[in-house]
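Below is one structure, written out as structure tokens; the observations come after it.
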Amino acid sequence: MANSMCLSLAHKNILVTGGAGFIGSHLVERIAAENPLKVIVIDNLYLGKKDNLNVAAELLGGRLKCYWESAANEARMREIIAKEEVQVVYNLAVIPLPASLEKPSWTMMENTVLTTVLCELQRLGMFRTLIHFSTSEVYGTAEFVPITEDHPLIRSTPYAASKTAGDMVVMSYAHTFGTDVAILRPFNNYGPRQNDGKFSGIIPTVIQKVCREEPLTINGDGAQTRDYIYVKDTAEAAVRIYEEAATRGKILNIGSGVELTVNDLVGKILEIMGKPDYPVIHGPPRPGDVRRHMAGISTAENLIRFSRKVELEEGLHETISWYMSGNSG
């Protein structure tokens, strides 16, 4: 068991790259509860939306500052971090997996550069702590379950390769220069404000297609498994990782520890929506798609006393209600 938490986000200037995105905006709201001096969001709105920060803006008022530009621009990052006197950085800026199937080279370069920029500015002493968001995609299809942090890294897509590269950069700077870092590897997040449209996840896709009475297609046979974690649980874990000094230099999986097939997930959504007999067809599998995922979370349990607070049924009800209330799009 880890020692008592001894660090606090209170009265600090905290930067969240990708802070207008799905997970990022929920993290900004969670940070607001810690009474920070200021929260700075940098987001180029490739995935993020300004409206995602409406609640955070109400909570933080003038303590929320937003810059709508790329976190990969080193000169601008240097200027902003200096101007805002940033002390802690949460790095969630990312080009997502689907984009890597269409623009693999750009995805690789962008994801690697934006992480390296932060590591370099941290090395130069411009801020103290970096909490870097990785992804469970770096593990590829599970060779064993649960997937622990020492599972082989199997880069099944250019996106996964780019995120693996970012993780290696973060850890190499920590090893070589003694930078203060921790890496969070979330499994499949879901909840209100999840990306819709072109980069939609399966949960908002199913909800929106059923609402519009459109054909519902599952990639592949649907027997592929995932580990779904409610976004607010991930945001809570991110705060706790900062607070606990024992996480430094370590990688922590954040998931539910429960394996669920895509078919079963879709069935649960349709049941909650009162459409259990909605027709589902199966299309070709997505290129590079992983077959099996289930998080091993013992590191997070031991270091930050992590456990899933929101069960899948409850989280799906919350998510479906949000989308059906006309909040998306």
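The values are calculated or read from the model by the stated rules, or taken from the named source; none is laboratory data. Predicted model, so just to flag it, every value in this text is computed and none were measured. In this analysis, Cβ positions are derived from the backbone assuming ideal geometry, glycine residues included, and neighbour counts consider all displayed protein chains. In case anyone asks, the SASA skips ligands and DNA or RNA and just uses the protein heavy atoms, side chains included. Shrake-Rupley method; radii C 1.70, N 1.55, O 1.52, S 1.80 Å.
Are there any GluC sites (Glu not before Pro) in the stretch 91-189 that are in a DSSP loop and have at most 15 other Cβ atoms within 10 Å? List them by number. Listed in order of number, the matching sites are Glu143. For the chain, the mean residue ellipticity at 222 nm estimated from helices alone is -12000 deg cm²/dmol, where every DSSP H run of n ≥ 4 contributes -39500 (n - 2.57) and the total is divided by all residues, rounded to the nearest 500. For the stretch 123-180, dividing the convex hull volume of the Cα atoms by the residue count gives 89 Å³ per residue.
Rounded to the nearest 20 debye, the dipole size of the chain about its Cα centre is 620 debye, using +1 on the Cβ of Lys and Arg and -1 on the Cβ of Asp and Glu. Less than 5 angstrom separates the built amide H of Val280 from none of the residues sequence-distant by 5 or more or on a different chain. Once the chain from Thr141 to Lys50 is taken as fully extended at 0.36 nm per residue, the excess over their C-alpha distance is 29.3 nm. For the stretch 218-318, dividing the convex hull volume of the Cα atoms by the residue count gives 100 Å³ per residue.
Within the shell of other residues whose beta carbon sits under 11 angstrom from the beta carbon of Val39, the net charge comes to +2, with Lys and Arg scored +1 and Asp and Glu -1.
With both partners inside the chain, how many of the DSSP beta bridges are antiparallel, as a percent to the nearest 5? DSSP beta bridges in the chain are roughly 5 percent antiparallel.
Seen through its C-alpha gyration tensor, with square-root eigenvalues sorted a ≥ b ≥ c, the stretch 32-104 comes out oblate because a/c lies at 1.5 or above while a/b is not bigger than b/c. For the residues Cys119, Cys211, Cys66, a GNM of the chain with alpha-carbon springs under 10 Å puts the largest fluctuation on Cys211.
Expressed as a whole percent, the accessible area of the chain that falls on carbon and sulfur atoms is 52 (1.4 Å probe).
Using every pair of separate Cα atoms, the Kirkwood estimate puts the hydrodynamic radius of the stretch 40-166 at 16.0 angstrom. Its Cα gyration tensor gives the chain an equivalent ellipsoid; the semi-axes, largest first and in whole Å, are 31, 22, 20. The residues packed around Ser134, meaning those with a beta-carbon under 13 Å from its beta-carbon, carry a net charge of +1 if Lys and Arg are +1 and Asp and Glu are -1.
Report the net charge of residues surrounding Arg226, where surrounding means a beta-carbon distance below 12 angstrom and charges are Lys +1, Arg +1, Asp -1, Glu -1. Value of the local net charge: -3. For Phe177, Phe144, Phe187, the ranking by accessible surface with the largest value first comes to Phe177, Phe144, Phe187, using a 1.4 Å probe. Of the trypsin sites (Lys or Arg not before Pro) found in the stretch 60-149, the ones in coil according to DSSP and having at most 14 other Cβ atoms within 10 Å of their Cβ are Arg128.
Relative to the first principal axis of the alpha-carbon coordinates of the chain, what is the inclination of helix 202-211, with its axis defined by its Cα atoms, in degrees from 0 to 90 and to the nearest 10? Roughly 50 degrees, rounded to the nearest 10.
When the chain is treated as a Gaussian network with alpha carbon springs shorter than 10 Å, the biggest mean-square fluctuation among Thr217, Thr116, Thr107 belongs to Thr217.
Considering only Cα-Cα distances, which of the following residue pairs are longer than 26 Å: Lys83/Lys103; Lys49/Lys103; Lys232/Lys268; Lys103/Lys163? In this structure, Lys83/Lys103 lie more than 26 Å apart at Cα. When the convex hull of its Cα atoms is viewed from all sides, the stretch 137-285 shows a mean projected area of 10.0 nm². Which value, in Å², gives the accessible area per residue of the chain when a 1.4 Å probe is used on the protein heavy atoms? It amounts to 41 Å² per residue over the chain. In plain terms, the chain from Glu213 to His11 could stretch by 67.9 nm, reckoned as 0.36 nm per residue minus the Cα-Cα distance.
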